[in-house]
1. Go through segment 59-77 and report how many residues are in a helix (DSSP H, G or I) and either crowded, with 22+ Cβ neighbours inside 10 Å or at pLDDT 95 or above (or both).
2. Scan segment 19-58 residue by residue and report those that are among the charged types (D, E, K, R) and either in a helix (DSSP H, G or I) or over 25 Å from residue 92 (Cα atoms) (or both).
3. Considering each of 115, 99 in turn, give the residue that is surrounded by 14 or more Cβ atoms within 10 Å (Cβ to Cβ) and assigned to a loop (DSSP other than H, G, I, E, B).
Amino acid sequence: MKILVINGPNINFLGIREKGVYGTESYESLVKSLEEKGRAEGHQVEVFQSNYEGAVIDRIQAAYGDGTEAIIINPGAFTHYSYAVRDALASVSMPKIEVHISNVHRREEFRHHSVTAPVCDGQIVGLGLRGYALAMDYLTGGTGETP
C-alpha cells in the first residue's frame, strides 16, 4: 500500500517545541520510524511536512493521481480553521486518518474543534507519536508495533 503522511505547521519542530506537550523525540526520528515501519510491513510511506497551507493542499491534490492509496494527516493548527485543507481532503476519495500527538480535548478551547475530522475516516488524539503507527495499522491491517 502507498501511504502519504502529511504534517502541517510546526510539526517539524518536534523535540524542540513544547516538549511537555509533544515530547522530546525529533521530527527526523518520527519520519525514520514511519519509513522503517512501512518498509518492514511492505508498504511505501512518503512523509511530507509544510508550514504553508497551500503546499499542504497541493500535496493532497497530487495524491489524487500519484498512486497514493491512503492519507494520514496531522494538520496542526490548520485542523481548527482551514476549510481549504478540509475541502482538499474531501476531494480525494481514499481512506484518511487524522492524527494529533497531544490530546487536543484537554488543551485550549480553540483546539477542541476540528474542521478536517468530518472528512476523515477516523481521528487519533493524545497517544503521542504512536498515533501515527496506529493510523498506519488501521489502514493496512498491521500489528500496532513500531520497528
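The values are calculated or read from the model by the stated rules, or taken from the named source; none is laboratory data. Here the structure is a predicted model, which is why all the values come from computation and not from measurement. Glycine gets a Cβ as well: all are built from the backbone with ideal geometry, and neighbour counts include every protein chain shown.
1. Step one: filter segment 59-77 for residues in a helix (DSSP H, G or I), giving 59-63, 76-77.
With the extra rule that they be either crowded, with 22+ Cβ neighbours inside 10 Å or at pLDDT 95 or above (or both), the set shrinks to 59-63, 76.
Qualifying residue count, segment 59-77: 6.
2. Initially, segment 19-58 is screened for residues among the charged types (D, E, K, R), giving 19, 25, 28, 32, 35-37, 39, 41, 46, 53, 58.
Across segment 19-58, the qualifying residues are 19, 25, 28, 32, 35, 36, 37, 39, 53, 58.
3. Numbers: 99 fails: assigned to a loop (DSSP other than H, G, I, E, B).
Step by step, each of 115, 99 is checked, and only 115 is surrounded by 14 or more Cβ atoms within 10 Å (Cβ to Cβ) and assigned to a loop (DSSP other than H, G, I, E, B).
Okay, residues lined up against (1) of a type in the set (D, E, K, R); (2) within 18 Å of residue 134 (Cβ to Cβ); (3) out of contact with any Asp or Glu (no Cβ under 8 Å at 6 or more places or on another chain):
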position	(1), (2), (3)
1	no, yes, no
15	no, no, no
53	yes, no, yes
69	yes, yes, yes
88	no, no, yes
